[in-house]
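Working notes, structure below.
The values are calculated or read from the model by the stated rules, or taken from the named source; none is laboratory data. For clarity, every value in this text was computed on a predicted model and none was experimentally measured. Neighbour counts are summed over all protein chains in view; Cβ atoms, including those assigned to glycine, are modelled from backbone coordinates with ideal geometry.
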Amino acid sequence: MSTNAAPFLDFQNVWLAYNDELLAQQKFAVEDISLQVQRGEFIAIVGPSGCGKSTFMKLTTGLKKPSKGSIHVDGQAVKGPLKISGMAFQSPSLLPWRTTLDNVLLPLEIVEPHRSQFKARRAEYEARAMDLLKTVGLAGYEKQFPWQLSGGMQQRASICRALIHEPQMLLLDEPFGALDAFTKEELWCILRDLWSAQRFNVVLVTHDLRESVFLADTVYVMSKSPGRFLVKRAIDLPRPRDLELTYTAAFGDIVHELRSHIGAIRKT
């Protein structure tokens, strides 16, 4: 991956206070964040609870504007919610009255330019959704409702929904946190394969250090609130990565190193 090209995601000295009163008191949720992420890079952000990881996500997508500093995505200043990003959260948040297929199609019904073309291109969009569902192992479940799916299946559908409009950037906020270990690892591999095939940018917020090391090119460790990046760790493990890698000494050493950083932060 070339580092000479202009970064896809560029934070320059970003600070955020959640309202004017907190700003006047100089009480920030995140402070002095600067980072540059290359096109197609997969990054993960870890840190103690309440450190500002989710705030960073809101800044990245334009849901929050920085109090100080600047954010650029794909060379453009972020001034409002981005249309080139998709998001998935710990809760799949599927609409219970919509089938799996209709839940996946939802962004195309509400986000331009797809919204105005939805009726005319519905067959094409449905085919795209069916391909995605097949990729994540949900072929045959397109007519099922959320209550008929397991938690892991709901999360697969949620990831399909986040990718249906072919975003350039996927933001994942603890997407596998509520799942059992086996389902979680299955979804790691599905996400790995989707990213390998399409090379969209990914920003993953997680508490799971194994998850961050298995999936990411680079892991950032955040401080306690107010959040700032204390550690940038390149994950120099070869790709493609399979689950057997997670039992090797090289993998364990990186996880242990990250854990020691977070342990030191928690003690301060």
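Taking residues in the stretch 174-194 that are closer than 13 Å to residue 208 by Cα, and partners anywhere that are assigned to a loop (DSSP other than H, G, I, E, B) and of a type in the set (Asp, Glu), the pairs with Cβ atoms closer than 8 Å and at least 6 places apart or on different chains are 176/208; 177/208; 184/208.
For the structure I just gave you, tell me whether residue 213 is assigned to a helix (DSSP H, G or I), touching a strand residue (DSSP E or B) at 6+ places or on another chain (Cβ under 9 Å), closer than 23 Å to residue 266 by Cα and not charged (D, E, K, R). Yes: the conditions hold for residue 213.
Restricting the stretch 75-89 to residues that are surrounded by fewer than 18 Cβ atoms within 10 Å (Cβ to Cβ) and under 25 Å from residue 106 (Cα atoms), which is nearest to the chain's Cα centre (by Cα)? The selected residue is 84. Among the numbered conditions (1) over 29 Å from residue 37 (Cα atoms); (2) assigned to a helix (DSSP H, G or I), the only one that residue 189 does not meet is (1).
Per-residue answers, yes or no, for (1) out of contact with any helix residue (DSSP H, G or I) (no Cβ under 9 Å at 6 or more places or on another chain); (2) among the hydroxyl-bearing types (Ser, Thr, Tyr):
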{"position": "95", "(1), (2)": "no, no"}
{"position": "109", "(1), (2)": "no, no"}
{"position": "116", "(1), (2)": "yes, yes"}
{"position": "122", "(1), (2)": "no, no"}
{"position": "135", "(1), (2)": "no, yes"}
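Which residue pairs have Cβ atoms under 7 Å apart, sit 6 or more places apart or on different chains, and have a first residue in the stretch 153-166 that is within 18 Å of residue 85 (Cβ to Cβ) and a second that is of a type in the set (D, E, K, R) and part of a helix (DSSP H, G or I)? Partner pairs satisfying both residue conditions: 164/128. Go through (1) among the aliphatic types (A, V, I, L, M); (2) at pLDDT 95 or above; (3) assigned to a helix (DSSP H, G or I); (4) under 15 Å from residue 46 (Cβ atoms) one by one and return the number of the condition residue 202 breaks. Checking residue 202 against (1) among the aliphatic types (A, V, I, L, M); (2) at pLDDT 95 or above; (3) assigned to a helix (DSSP H, G or I); (4) under 15 Å from residue 46 (Cβ atoms), the one that fails is (3).
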